[in-house]
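First up is the structure itself, then whatever we jot down about it.
The values are calculated or read from the model by the stated rules, or taken from the named source; none is laboratory data. Small disclaimer: the values here were computed from a predicted structure and weren't measured. Cβ placement follows ideal geometry from the backbone for every residue including glycine, while neighbour counts extend to all protein chains displayed.
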Amino acid sequence: MISARPSVTELVFQLYGRSLHPELFQQHVVRRLERGLFQAEVAITGSGHVVCWQGAGLTLSEVATAATAPLPMKRRLLSHPIHGERTDSLECANGVCYETCFQLERVQPDEFWTFQQELCDDGNTRGLFHRFAAGGRLAVGAVSWINVETRRKSLIVQAFHTFPDEFAVVKSQSIFQMP
């Protein structure tokens with residue numbers, strides 16, 4: 001499925017202490033996984049990504065999405081606009097730790113196209129990958145690529161989302177850690 005995405009200026013990064021209904025998002029690629037004492041679902045969405053992690057009797061949902069998305073306020077643990085660079089962490093119940101680092105990077109056009117081509121190359125061989133339709137003045141659409149690594153007690157999610165009309169890249173890395 002090919003689709004366009006919102007402007008990078010509209011994005012927020014949020015964490016919930018609950019699951020979120022999948023129908024709230026236009027999901028393009030989804031991967032479910034289980035490892036050790038946790039399970040997770042990772043999805044590329046129309047405006048970014050959703051990670052739903054469950055373990056130690058806890059559910060955490062990370063969302064990179066448009067600020068206008070109709071998401072609940074109930075049990076929202078973190079919410080930050082995606083501007084510049086931000087690092088945050090949260091110690092949850094039952095010894096579960098969550099850490100994230102995300103940034104919005106605007107680059108020169110030649111750097112942007114090189115980076116986007118590298119993501120396309122990696123997307124064809126590993127991780128979750130989606131190419132979006134061209135949404136503006138450029139004939140090339142955005143891409144999203146997510147790399148997931150699991151350990152016995154942790155999940156590491158690296159996500160890259162490009163915005164060609166704005167020569168911008170959103171990068172994030174999150175760790176869900178069991179005690």
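Assess whether GLU34 counts as being touching a Cys at 6+ places or on another chain (Cβ under 6 Å) and free of Cβ contacts under 8 Å to residues at least 40 places away in the same chain.
no
Would you please list the contacts, defined by Cβ atoms under 7 Å and residues six or more apart or on different chains, that run from a residue in the stretch 73-100 that is closer than 15 Å to VAL63 by Cα and touching a residue at least 12 places away in the same chain (Cβ under 8 Å) to a residue that is basic (Lys, Arg) and not in a helix (DSSP H, G or I)?
ARG75/ARG18; HIS80/ARG86
Has the stretch 120-138 got at least one residue that is over 18 Å from the mean Cα position of the chain (by Cα), free of Cβ contacts under 8 Å to residues at least 24 places away in the same chain and assigned to a strand (DSSP E or B)?
No, there is no match, as no residue in the stretch 120-138 is over 18 Å from the mean Cα position of the chain (by Cα), free of Cβ contacts under 8 Å to residues at least 24 places away in the same chain and assigned to a strand (DSSP E or B).
Tell me yes or no: at least one residue of the stretch 19-27 is among the hydroxyl-bearing types (Ser, Thr, Tyr) and closer than 22 Å to ARG86 by Cα.
no
Find the residue count for the stretch 48-85, including only residues that are surrounded by 15 or more Cβ atoms within 10 Å (Cβ to Cβ) and modelled with pLDDT under 90.
4
So which residues in the stretch 88-103 are out of contact with any Ser or Thr (no Cβ under 7 Å at 6 or more places or on another chain) and farther than 15 Å from GLY17 by Cα?
Listed by number, the list holds a single entry, GLN103.
Just for the stretch 139-160: of the residues that are in a loop (DSSP other than H, G, I, E, B) and closer than 19 Å to LEU104 by Cα, which one is modelled with the lowest pLDDT?
GLY141
Considering the stretch 86-100 alone, what residues qualify as being surrounded by fewer than 15 Cβ atoms within 10 Å (Cβ to Cβ) and either under 20 Å from PHE167 (Cα atoms) or not charged (D, E, K, R) (or both)?
Residues satisfying the conditions are THR87, SER89, LEU90, ALA93, ASN94, GLY95, CYS97.
Just need a number here: residues in the stretch 13-44 that are in a strand (DSSP E or B) and touching a helix residue (DSSP H, G or I) at 6+ places or on another chain (Cβ under 9 Å).
Counting residues in the stretch 13-44 that are in a strand (DSSP E or B) and touching a helix residue (DSSP H, G or I) at 6+ places or on another chain (Cβ under 9 Å) gives 3.
Taking GLN116 and the conditions (1) modelled with pLDDT of 95 or more; (2) polar (S, T, N, Q); (3) touching a helix residue (DSSP H, G or I) at 6+ places or on another chain (Cβ under 8 Å), which numbered condition does it fall short on, given that it satisfies the others?
(1)
Go through (1) modelled with pLDDT of 95 or more; (2) loosely packed, with under 12 Cβ neighbours inside 10 Å one by one and return the number of the condition ASN124 breaks.
(1)
Output the number of the condition that VAL96 fails; it satisfies all remaining conditions of (1) within 22 Å of ASN147 (Cα to Cα); (2) hydrophobic (A, V, I, L, M, F, W, C); (3) under 16 Å from the mean Cα position of the chain (by Cα).
(3)
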